[in-house]
Amino acid sequence: MQDLKAVGKRIPKIDAVDKATGRVEYIQDIKLAGMLHGKILYSKYPHARIVNIDTSKAKQLTGVRAILTGKDIPEIKFGVYKDNRPLKTGKVRSYRDEVAAVAAIDPEIAQEALSLIKVTYEALPGIFDPEAAMKEDAPLVHEEHKTNILKMPWKLHYGDVETAKKETAYMVENRFSTTWVTHCCLGTSGAIAQFDNTNNLTIYTNTQIPSLAQKDFLSALKAMGLRDKRVRVIKPCIGGGFGSKLDTYAYEYLSILLAFHTRKPVKIVFGREEEFFATSTRQPTIMDVAQGCDKNGKLLFRDISMVLDNGAYTSWGATTPSVMMMPITSLYRVPNVRYEAMCVYTNNTYSQAMRGYGNPQATFAIESSMDMLAETSGFDPMELRRINANQAGDVSPQDFQITTCGLDQCIDEVEKRLGKKTPKEKGVGVGFASLIHVGGGARVYKSDGCGTIIKMDDYGKINLFTGATDMGQGADNMVAQIVAEELGLDVADVHVIHSDTDVCPWDVGAHASRTTFVAGNSALGAAKKIKARIFDMASKQLEAPPEILVMANRMVMVKEDPKKRLEIGKLLRKFHFSTNGEMLMAEYFYDPENENLGRDFKGNTSMTYTFGTHGARVKVDEETGKVQILKYVAAHDIGRAINPILLEGQVYGGVMMGIGYALTEQIIHEKGEIMNPNFRDYKILTIKDVVPIEAPVFETFDKDGPYGAKGIGEPGCVPTAPAIANAIYDAIGVRIKDLPITPERVLTAIKAKKKLES
Amino acid sequence: MKQFAYLVPRSLDEAISFHEAHGDRAKYVAGGTDVLVKIKEGKILPDYLISLKHILGQDRPLLNQETGELYIGSFVTHRMIEKSAIVRIHYPILHDAIRNIGSVQIRNVATIGGNLVNAVPSADGAIPLITLDATANIQGPKGERSVDLARFFLGPGLCDLERSEILIEIVVPPLLLRTGSAYIKFGRREAMELPMLGVGVLLSLGESSVTCVKARICLGVAAPTPIRALEAEAFLVGKPIDGGTLEKAGKIAAKESRVRDSIRGVAWYRREMVGVLVKRMGLKCMERIKKLAQ
């Protein structure tokens, strides 16, 4: 193996000290001269006709600068289905519907103005259950859409499931469900919009997609009659993304509209309660799963249908079935697969992307079902998984090309660390679940690319402009470490500038665990161009051909004769301060050779896939139904760990998020109203709930990854819930098929089992 | 958030006179972890906050060696109680409860008196103190008075305090020999949690170390106020204590509880858990008595 100096090193997050000492600027900290504060009035009903909005009293309040209602704004449509508008006209379809927006000289006045706006509603019958919403006579959420079922046909059938069902020796068929959970970003949402004198827009906003947000805002300007304008998106430091910022939202458009009307910068920042009820959740699902295997344990088919609660509007979240297809068709070798999913409008909050993008829901159903199939067929659960494990060189039914695959190793390692099942202590059990996820980008958009610009100064230091969005996950470290490695510099020599669309090149966004792979390769490409140029320059000075030169310790030198060397800064200065001087700059745009899914949903969506196996040892209190996790092991094949501490951080954080998903977290809805919009009653786990986690990694050195790396942003929370559900079954013989696995559900299942046995 | 004036009296008398001067426009505040949240949420809108935390002599729980009474000043922070060796060794039930309130940051500023006068059904501070037969000392414009803490709570958010009165001190009477006590906060996570149920049990045994001579069972979130499970207590007195009797006592206590459905927990589950947890806390009391004897 190469002797690496920066890649693979445990280098603390570049901005860790600034964050710990409060020096970084979040959206909450940013103040612009003359800035006004915006607030949003939300609906009082889950479904109602807006009869009248009276803003006359609010307008008279001193300090109020603008009040907008749906009638005052142009037709700006947003969301993947273009069914949402910044302010609603005609009717409201959920409690989080924006009815009016106010800009005032301070937030308190804006808030007071909201209380003076009189909205008259005529309540309409609501629909809150997606299955009921599919019925013919159900109230329509969007009348013009004619049905509550979204016209997005998520449907595939590879092989022949019906024939396979006839040939199968063992088969299981079950229904699973998952509910709403939310990202719980510590930094709440916010945006500041500002127009210059010629109506070019600058917007500071918490986003994971600066370049796509720019495009959305340009369309909004167009709808406002502002053609051919510029939009600059600046992303301040974000306190957590987890997929919540993969779309543009009403509040961003409202800050733009209010700024346009007042000619002042307008800031909208969410409070915590607002963050809970007015941002989007993970999709609740109802999942019917059938799987079967032959007498040797080989999977013959998988047959899955799902209903997803879309909520009242459509965000990218409605496309999560496209990612659910990945585990459904390609987690383990399964030749015959059928899948159908329907996203259904309801008067609930609308769902969005959230870490895993559908994969946690689908994997919960598949991997719970795998254990049930193991029991039915008499195979050991891990043996059944080994028999069917993906292998390098496989092409899955969805045409995914598995280039590297450490699934076998992960299964073995987790089993080794958690021990064999027997002898058993009462109430204690172990359970496992595996995962597949995109690890080499994901072509969901026309481009899956990312650009990098490197600019070197006279002292051998680098300004690196990347399209990548750091949101705490460590994109900044990752690119710095890769570039430092390639150019023989210290990581501290690389200053990373990210997320300002005026300065940084295009990137499709921080999603799909793609940043390390795509932005890493992009940075590497730019560094290679710089390196070639430096070798070129040094070659003349050292009188040696470029092929025998290397860069290390801020020097360029002859590999076999390190005494023949030049300090990089010196070399750069020499070329800068000479006749026809030049400075060293390079740009590189990397767009992986992955494929968009076709009409049949086939296509190698990612250059490589990340695999992993999780396992939990749990103890179930049979009197209270409480589940305690004694030990958790999360093994992943990550290609190469660019930075092991950040990698472990991703896995630990993912696992804790997954445990919350499995056991405690849920947004409680009552007829569309969120009953627990606060950290007191939304049970995200705390530092004191952290369980012992081991995170072994397997480096399979993917040929396409930067230094062999694959993505690891999402996998940590993907197979957590099924691993725990399987462990609970192993411990006490009850199968919980609905998330979260609350003590009440466990105790109810225990009682039902006892009743059945007696 | 509404603006207010912040008043800093140096004595209880001064605090009371401030309150009398401003009446309903004023609100006492100590740690502020409840009061400020309520102001932020617009639930109360005082023009004056009268701070009690600068009043001296309220820095730690004190044991009166002669009488055996434990005195806890109302403005003592939870963290001080948690760190008190006297409390940890002799009043483990209080330690059980206090160390699991909120987070370290909250316990550093929140006071025990604040926890009590806030009078929420889930108050973790109240249950162990009622279980210990504590008395509340109150000072007001008309002078001082005492009230049994078990009678202090009148309803959710309501306690036995007249206008301008201040809860100044909690007094815990001496413990009988061979006494064990324990509290469990039953929730869904380990910190920043309101209990789904709070259960405090105290048992004192006779000379034989078998028969119960005194029993206290106090339940939080099982009714609009903290309640004692009197029938279950009466059932235990005079009986030899073992798993069987405690299980029966738990079942009686479960029947006495007036639990209800809420987003934090359903009634059937809470009721059932009263039974399980009373038994478990009873067993823990027995363990602690044994440990004391050694």
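Considering region A:494-537 alone, what residues qualify as being small (Gly, Ala, Ser) and either at pLDDT below 95 or buried (at least 19 other Cβ atoms within 10 Å of the Cβ) (or both)?
Once the filter is applied, which keeps residues that are small (Gly, Ala, Ser) and either at pLDDT below 95 or buried (at least 19 other Cβ atoms within 10 Å of the Cβ) (or both), region A:494-537 yields A:Ser499, A:Gly509, A:Ala510, A:Ala512, A:Ser513, A:Ala519, A:Gly520, A:Ser522, A:Ala523, A:Gly525, A:Ala526, A:Ala527.
Can you work out which of the residues in region B:158-200 that are away from chain A (no Cβ under 14 Å) and among the charged types (D, E, K, R) is surrounded by the most Cβ atoms within 10 Å (Cβ to Cβ)?
B:Glu169
Counting only residues that are among the basic types (Lys, Arg), give me the helices (runs of 4 or more DSSP H) lying completely in region B:1-94 with at least 2 of them.
B:35-40, B:78-83
Evaluate the following for A:Gly440: is it in a loop (DSSP other than H, G, I, E, B) and under 20 Å from A:Lys298 (Cα atoms)?
no
Here's a check for you: in region A:11-34, which residue that is among the basic types (Lys, Arg) and surrounded by 13 or more Cβ atoms within 10 Å (Cβ to Cβ) is nearest to the chain's Cα centre (by Cα)?
A:Lys13
Are any residues in region B:33-48 within 25 Å of B:Glu144 (Cβ to Cβ) and under 24 Å from the mean Cα position of the chain (by Cα), and if so, which ones?
B:Asp34, B:Val35
For A:Ile645, state whether it is out of contact with any Ser or Thr (no Cβ under 7 Å at 6 or more places or on another chain), within 13 Å of another protein chain (Cβ to nearest Cβ) and either within 21 Å of A:Phe701 (Cβ to Cβ) or assigned to a strand (DSSP E or B) (or both).
no
Restricting attention to region A:684-700, and to residues there that are at pLDDT 95 or above and closer than 23 Å to A:Asn594 by Cβ, which single residue is nearest to the other protein chains (Cβ to nearest Cβ)?
A:Phe698
State whether one or more residues within region B:245-267 are in contact (Cβ under 8 Å) with a residue 60 or more places away in the chain, among the charged types (D, E, K, R) and either part of a helix (DSSP H, G or I) or within 14 Å of another protein chain (Cβ to nearest Cβ) (or both).
The answer is yes, given that some residue of region B:245-267 is in contact (Cβ under 8 Å) with a residue 60 or more places away in the chain, among the charged types (D, E, K, R) and either part of a helix (DSSP H, G or I) or within 14 Å of another protein chain (Cβ to nearest Cβ) (or both).
Give me a count of the residues in region A:80-122 that are crowded, with 20+ Cβ neighbours inside 10 Å, in a loop (DSSP other than H, G, I, E, B) and either acidic (Asp, Glu) or not assigned by TED's automatic domain parsing to the domain that holds A:Asp54 (or both).
2
Restricting to region B:243-271, count the residues that are over 21 Å from the mean Cα position of the chain (by Cα), within 26 Å of B:Glu287 (Cβ to Cβ) and hydrophobic (A, V, I, L, M, F, W, C).
3
To keep it simple, each residue is scored yes or no on (1) of a type in the set (A, V, I, L, M, F, W, C); (2) part of a helix (DSSP H, G or I); (3) under 30 Å from A:Ser606 (Cα atoms); (4) more than 14 Å from every other protein chain (Cβ to nearest Cβ).
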residue	(1), (2), (3), (4)
A:Gly658	no, yes, yes, yes
A:Gln666	no, no, no, no
A:Tyr682	no, no, no, no
A:Asp704	no, no, yes, yes
A:Tyr707	no, yes, yes, yes
A:Gly716	no, yes, yes, yes
A:Ala723	yes, yes, yes, yes
A:Leu756	yes, yes, no, yes
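Any chance region A:596-605 includes a residue that's small (Gly, Ala, Ser), under 19 Å from the mean Cα position of the chain (by Cα) and in the same structural domain as A:Pro381 (by TED's automatic domain parsing)?
Scanning region A:596-605, I find no residue that is small (Gly, Ala, Ser), under 19 Å from the mean Cα position of the chain (by Cα) and in the same structural domain as A:Pro381 (by TED's automatic domain parsing), so the answer is no.
Please work out which residue is nearest to A:Pro210 (Cα to Cα), limiting yourself to region A:237-296 and to residues that are basic (Lys, Arg) and outside any loop (DSSP other than H, G, I, E, B).
A:Lys267
Kindly establish whether A:Gly356 is of a type outside the set (Lys, Arg), outside any helix (DSSP H, G or I), under 21 Å from A:Gly705 (Cβ atoms) and touching a residue at least 40 places away in the same chain (Cβ under 8 Å).
Spelling it out, A:Gly356 is indeed of a type outside the set (Lys, Arg), outside any helix (DSSP H, G or I), under 21 Å from A:Gly705 (Cβ atoms) and touching a residue at least 40 places away in the same chain (Cβ under 8 Å).
Quick one: which of B:Ala126, B:Ala136 is surrounded by 24 or more Cβ atoms within 10 Å (Cβ to Cβ), more than 30 Å from B:Ile263 (Cβ to Cβ), at pLDDT 95 or above and in the same structural domain as B:Arg79 (by TED's automatic domain parsing)?
Going through B:Ala126, B:Ala136 in turn, the sole match is B:Ala136.
What's the total number of residues in region A:123-149 that are surrounded by fewer than 17 Cβ atoms within 10 Å (Cβ to Cβ), in a loop (DSSP other than H, G, I, E, B) and either touching a Phe, Trp or Tyr at 6+ places or on another chain (Cβ under 7 Å) or among the basic types (Lys, Arg) (or both)?
Looking only at that region, the number is 2.
Quick one: which residue in A:Arg385, A:Arg338 is modelled with pLDDT of 95 or more, in a strand (DSSP E or B), basic (Lys, Arg) and under 28 Å from A:Thr168 (Cα atoms)?
So the residue among A:Arg385, A:Arg338 that is modelled with pLDDT of 95 or more, in a strand (DSSP E or B), basic (Lys, Arg) and under 28 Å from A:Thr168 (Cα atoms) is A:Arg338.
Every residue in region B:143-157 that is part of a loop (DSSP other than H, G, I, E, B), surrounded by fewer than 19 Cβ atoms within 10 Å (Cβ to Cβ) and without any contact (Cβ under 8 Å) to a residue 60 or more places away in the chain, please.
B:Gly157
The values are calculated or read from the model by the stated rules, or taken from the named source; none is laboratory data. Please read all numbers here as calculations on a predicted model, not as lab measurements. In this analysis, Cβ positions are derived from the backbone assuming ideal geometry, glycine residues included, and neighbour counts consider all displayed protein chains.
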